[in-house]
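Step one of this worksheet: look at the structure below.
Derivation of every value follows stated rules applied to the coordinates shown; laboratory data play no part. Computed from a prediction, not measured in an experiment: that's the story for all the values here. Virtual Cβ from ideal backbone geometry, glycine too; neighbours counted across all protein chains shown.
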Amino acid sequence: MPIQLKRFVLIVALAIFTATGVSAKSLDFVFENQTFARNLEWTGLERLKGQTYIGNIAKPYFTYKFQDNITVDAGAVLNMPFGEDGRVQAVDPLISLHYNFAPGWRVNAGTLDWRHPLLNSIYQEFQEYIRPVGQGFQIQGNTKYIRQDTWIDWEQKELPNRKEKFALGNYTQLKYAGLMVDAQVLWNHAGGQINTNSGGGVINNHSYAFGTGYSFYPAKLNKSLWYFKEIGADFHYVKAKDKPQPDVAALIEDGTALRIFSKIWDTDVYFMHWHGGNDFRTSKGNLLYQVGTEFQEIGIEKTWWLSNTISLTGGYKGQFIQNTFQHVDLIEFRWWTDFPLFSDYFKKLTEEEASTSKPLQRKRPPSYNNF
């Protein structure tokens, strides 16, 4: 493991295990579900074919609260693409510790929150259907002035006949009075020290983006414009460096993205213009950026809340690329529900701990001191 990754893991581990406080324990069973259909109607493009993602992703899990700022989730993620004879294509474990160490700040250890706010050219939205689970460490922040997402996703363990794979990413946005600046990084790595039989050596793909923008909020200035939530624009410079083989020179391309956007009647509408290199290669970015040096995109998306825990989202994107018009269609239902378990027991346990000057002492597992 590279030295930088060891330092990152150590910092996260120290943050997790410095938590203290009086317990407020509880146990819940939670069921989250996402039923989706996203149609990539791409035809007549060089090196690129369309595809339809349609299926269901279910997340049944237990969530246990150790205390007000520490919880653990344990369950599974079931990926069920439609058209596969009703079979579950993949079952991945969901187990994660969440430590809220400051207002708006959280550490995740285990299963990650995979909705990273990166540009589509770096991290495409279809990743949630291709690989709906990431495992590793993550620091997230969302406050009045800062939005932060830093993570390492360990995708594949190294063996003599296969490479290790991991992704290290960061998103930092600073915002004030409608102005914002951000920096985005995604490093995808494959390699290792013992995979002597897999061939190909170390593979690295780096993506960077730096941007600025401004948003204006009419509804905040005039209550009669309650339906007009936001209008603004942002500009990003994006760079990609791809080195697929040790003895092959790295391919370096860059590009710029200008976007104008608004939110009216809770509907997101935008126009984006991309100008970039001939072969903008990123490991997890949208493939459209690899086939078009210049294209325009329009989009509209709206979410309706059918209840407090059920939402319906519809969306449409159109791209003018290589003298053709392409489009992407989206419909998605999301819902969740939770069931408190053993409420009386945990209420009594919390009251017992609150009546003492310190939390009740528990026996440590035999392996605790054997590190």
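Assorted remarks:
- Estimated FRET transfer efficiency when R0 is 51 angstrom, pair residue 339-residue 49 (beta carbons, to 0.05): 0.70
- Over 29 Å apart at the Cα level, from the set 163/317; 175/243; 175/263; 243/263, are 163/317; 175/243; 243/263.
- Candidates 305, 282, 270 compared by Cα position along the dipole of the stretch 246-320: farthest toward the positive end lies 305, with charges placed on Cβ.
- In degrees, nearest ten, helix 3-16 long axis to first principal axis of the chain (Cα): 40 degrees
- Using 0.36 nm per residue and subtracting the Cα-Cα separation, the extra length available between residue 27 and residue 76 on full extension is 16.0 nm.
- Each peptide in 119-125, 129-135 gets a packing score, the mean of other Cβ atoms within 10 Å over its residues, and the list from highest to lowest is 119-125, 129-135.
- In this structure, the pairs whose alpha-carbon distance is over 29 Å, taken from 65/229; 157/241; 241/302, are 65/229; 241/302.
- Placing a label point 7 Å from the Cα of residue 223 along the Cα-to-Cβ line, no residue of the stretch 257-273 has its backbone N under 14 Å from it.
- For log10 I(q)/I(0) by the Debye sum over Cα atoms at q = 0.07, 0.09, 0.13, 0.14 Å⁻¹, the value computed from the atomic coordinates appears in the list [x] -0.62, -0.82, -1.11, -1.17; [y] -0.38, -0.64, -1.33, -1.51; [z] -0.32, -0.54, -1.15, -1.32 under label [y].
- Taking 20 Å as the cut-off, the amide N atoms of the stretch 227-263 that come nearer than this to a point 7 Å along the Cα-to-beta-carbon line of residue 322 belong to 253-256.
- Residue 329-residue 177 FRET efficiency (beta carbon distance; Förster radius 35 Å; 0.05 resolution): 0.40
- Cα lying deepest toward the dipole's positive end in the chain, options 62, 103, 251, charges on Cβ: 103
- When the chain is treated as a GNM with alpha-carbon contacts under 10 Å, the residue of 207, 311, 283 showing the greatest mean-square fluctuation is 311.
- Net dipole in debye of the chain [+1 Lys, Arg Cβ; -1 Asp, Glu Cβ; about Cα centre; nearest 20]: 940 debye
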